[in-house]
Amino acid sequence: MRQVWILSVLLFLLIIGIITPRVEGNIERSGVVSWITDGDTFDINYVTYRMADIDAPETYEDYEAYNESKYYLLDLIHGKTVYLDIDDKYTYDIYDRFVCVVYVSHNTTHYLNVNKAMVVANHAITKNYDNEFNPYTWSLFVLKPSTSPTPTLSPPSTPRSYPTPTGGPELFPTAVAVISIISVVVGIAINSYMKKYKK
Ligand SMILES: [Ca+2]
Ligand SMILES: [Ca+2]
Ligand SMILES: [Ca+2]
């Protein structure tokens, strides 16, 4: 029976390692968000960043939707340290804003993909522009790298506290549960096969 458990645990770790996306190597800079323009644009130390492959409502399109989107993003990242994957293909858009995917700490092990979170919350739509990113492959949560990058853009400021974002589907716990069950079943199957084989 011990064999089954060891096998199950090993399988579980292997599968988790394969399916969970990681940001390792993709975080090119970080800093504290000091200004929110709208649901897809913000500043760090007077430098403007445009969130890649999403589009949030403009004031002239739908003022109420613009406002809701803007304050949703504000709750998610304003005053917080964000970790940015800058577009390796063009770096800037036509307005000289850095194009990026934004990550913010979700818990001790995971970042939230803020671009994806804006779409999931219906505060922005997906628009797959020409850049290094493919928004259709994004996961809402990604594993943090083993060592966090040091903020480089701005000195640390006192973070304002905001409520934990809600509304995103918690896919990760479900996936873990499913994988645990599969691992145990496969473990038992392998063990009984081995027993049979030995006989
Ligand atoms: Ca927009
Ligand atoms: Ca990049
Ligand atoms: Ca793209």
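Every read-out reported here was derived from the displayed coordinates using simple, explicitly stated rules and does not represent laboratory data. What you are looking at is a predicted structure, and each value in this text was computed from that prediction instead of being measured. When we count neighbours, we look across all protein chains shown, and the Cβ atoms used for this are built from the backbone with ideal geometry, even at glycine.
If the chain between Ser34 and Tyr136 were fully stretched, how many nm would it gain, using 0.36 nm times the residue separation less the Cα-Cα distance?
Details: separation 102, 0.36 × 102 = 36.72 nm, distance 2.87 nm.
Full extension from Ser34 to Tyr136 adds 33.8 nm.
Please list, in chain and number order, the residues 5+ apart from Ile44 or on another chain whose amide H is under 5 Å from its amide H, with Hs placed from the backbone.
Amide H neighbours of Ile44: Ser34, Tyr49.
Give me Tyr46, Tyr72, Tyr90, Tyr129 ranked fewest to most by other Cβ atoms within 10 Å of their Cβ, as a rough exposure proxy.
Working: Tyr46 8, Tyr72 20, Tyr90 13, Tyr129 16.
Ascending number of Cβ neighbours within 10 Å: Tyr46, Tyr90, Tyr129, Tyr72.
Sort 96-102, 50-56 for me by packing, meaning the mean count of neighbouring Cβ atoms within 10 Å per residue, highest on top.
Details: 96-102: 21.0, 50-56: 23.6.
Highest-to-lowest ranking by the protection proxy: 50-56, 96-102.
For the peptides 60-68, 29-37, what is the packing order when you average, over each peptide's residues, the other Cβ atoms within 10 Å and list the highest mean first? Before the final figure, lay out the partial values.
Details: 60-68: 12.7, 29-37: 18.4.
By packing density, highest mean first, the sequence is 29-37, 60-68.
Can you compute the modelled spin-label distance between Tyr129 and Ser105, with each label point 7 Å from Cα toward Cβ, in nm?
Spacing of the two 7 Å Cα→Cβ label points: 3.0 nm.
Can you tell me how much longer the chain between Lys89 and Tyr60 gets when fully stretched, taken as 0.36 nm per residue apart minus their C-alpha distance, in nm with one decimal? Provide the component values of the computation, followed by the final result.
On the way: separation 29, 0.36 × 29 = 10.44 nm, distance 3.05 nm.
So the extension gain works out to 7.4 nm.
Which far-off residues, 5 or more places away or on another chain, put their amide H under 5 Å from the one on Asn131, with H placed in the peptide plane?
Close amide H contacts, sequence-distant or interchain: none at all.
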